[in-house]
Structures are given as C-alpha cells and as structure tokens.
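Reading through the structure tokens given below for one structure.
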Amino acid sequence: MMMDVCPLGRSARESRLLRLVAALLAIVVLLPGAASAQREDATSSRLVPAFGVHYGTPMRFSVSAGGALDLSDRRNEGVLAVVEQGQHGNEVSAGYYRMIGRFGSGFSVRAAALRTSGEPWNADPHTTYVGAEAHLMVILGVGGRAGFMRRASRVVNGSHDSIVTLGISIGS
C-alpha cells in the first residue's frame, strides 16, 4: 500500500488533520474578538498571562504558559491559548474560559493537540493525538481536567487509537 507523504515525513491524512486543528484553534481565538468588536457597548479587551502546573495522564508532570484574552469588563471570560511542556509529551490548546466568583473558581473548554514522547501513561509514545479537554478550577485555581483525544498520526507498534486525559491542576 502506498501512502502520500508530505515534506516533513507526515502522511497526507495527518497533515490535513493538523491543518484542520490549526484552523479550528484560529477560529476559537479570533472569532470572539470579532464578535465583541461589533457590539455597540464594546469594551477594550485585556490580554493576561496564563500559567499552570499539572499532573496526570498521559504526560505526568507538566507546566503550561499562554495568554487569556478577557473580552468582558463585567465578567472574567474570553479566549485562552496555552502551550504545555510535560515529562512525556507536549500539548497546545485553545478555547473558551470563564472565571466565576472571587476565589479563583472557573472552567475552560478547549480544543487540543498532544504529542507524546518517551513513556506516556495510557498512550502510545511518539504519537500525535487531537481532541478536546475541559478544565474545572474549584478554588484558588486548583482543580482538575478531563479530555478525549483521537490518534492523528500513523500507528507504529501502538494500541491506543483514542485516549482519555485525566489530571489535577493548579492554574491554566
């Protein structure tokens, strides 16, 4: 069986899937800003840093950094884009967030792309997965996250076509 291969060694299917994820992430980040610009009472948006520390599957320990674009003066909500470096993988995600109350409670829903390395938990090594994650912060930014992802790269001695991400987190 012959496979189409792109210049970087990826299959044509994997390249199309990665382009689709990039386009969806761009829409998630840019669309709310365009919508808020059309409102009559549009307020200035603020870009604030977002940081986090996580522990869970499949990357084990990880740290994240990114930015949150706050689109509302009355509520702390907007879009979020984050990169994450872990012991056994890397992730990039973007989506919607909303903080509730004054004690660091809130949630986010994100589209995510994950590339594993080394010895990840409950996932194949050196594999790309794409999917969605939900983060819930209970108090002072401490909470958990859960997600579902499907394999986007070709199978190389692996058995995990889809994975569930679970973990505890502080911050984004």
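Only the coordinates and a few stated rules stand behind these numbers; no lab work does. What you see is a predicted model, and the numbers here were worked out from it, not measured in a lab. Cβ: placed from backbone, ideal geometry, glycine included. Neighbour counts: every protein chain shown.
When a footprinting reagent is the concern and you count Cβ atoms within 10 Å, what order do Tyr55, Tyr97, Tyr129 take, fewest first?
Tyr55, Tyr97, Tyr129
Want the number for Asn157 to Ile100: 0.36 nm per residue separation, take away the alpha-carbon distance, what's left?
My answer for the length gained is 16.1 nm.
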